[in-house]
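We did not get these values from a lab; they are worked out from the coordinates using the rules stated. What you are looking at is a predicted structure, and each value in this text was computed from that prediction instead of being measured. Here the Cβ is made from the backbone with ideal geometry for all residues, glycine too, and neighbour counts use every protein chain on show.
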Amino acid sequence: MASACKAAPVYPRMVRRLALYAFSALLCACSATKQTEVVISVASDLPIPQEIDEVGLAVSYADDDQEIIDLSWQLDQNQPDAITLPARFGVLAGKDPSRVVRYVVSAIRGGKPFLDRRAALPFARDRIIFLRMNLLSQCVGVTCSANETCGETGCEKIDKNPPDLPEYTPEQENNGHDARAADG
């Protein structure tokens, strides 16, 4: 009997949730016995909604620049379909989990991105990897080299090694390692 694909867990409201489920279905490798996924954790210490009113997520394959997904979510709780930070976004592997996937999380103000956090990595077969991509005030205006992104320790390499990243567990939801979102 063939195993069933499971959509990646996502937390935005209904319309955007459906878009990510559709994306997950595209990438889902139904033959795997265990789930192969990257869970992206996004938080920010920037004041919401004064300095950051939207967060964006773009996902593409590194080998052909094919953009797979490009979505954004409102953070202003007075807006319909707003999400709260920290948020988690799940991306399931496709048929070839060894392909390197690029992730870009953006802080957006007034419809214009002003801060990006980038990462690139292949999936790790039969693992759910936890990838922190916090949008930090210390990174606003910082310019890193082309193969780096600004993070908790300043400029750091974009390329990530899956064995070096932790396994996702539900306990990571509130373990205190995410940047704190300001409530305005």
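How about Lys157: which aspartates and glutamates have a C-alpha closer than 14 Å to its C-alpha, ignoring those fewer than 8 places off in the same chain?
Within the straight-line limit of under 14 Å, Lys157 reaches these aspartates and glutamates: Asp116, Glu148.
If you look at just the Cα atoms of the stretch 54-113, how large are its Rg and its Dmax in Å?
Just the Cα atoms of the stretch 54-113 yield Rg and Dmax of 13.5, 41 Å.
Highest mean first, how do 105-114, 63-72, 132-141, 46-55 rank when packing is the count of other Cβ atoms within 10 Å averaged over residues?
46-55, 132-141, 105-114, 63-72
Fewest to most neighbouring Cβ within 10 Å: what's the order for Arg125, Arg117, Arg88?
In order of increasing Cβ crowding within 10 Å: Arg125, Arg88, Arg117.
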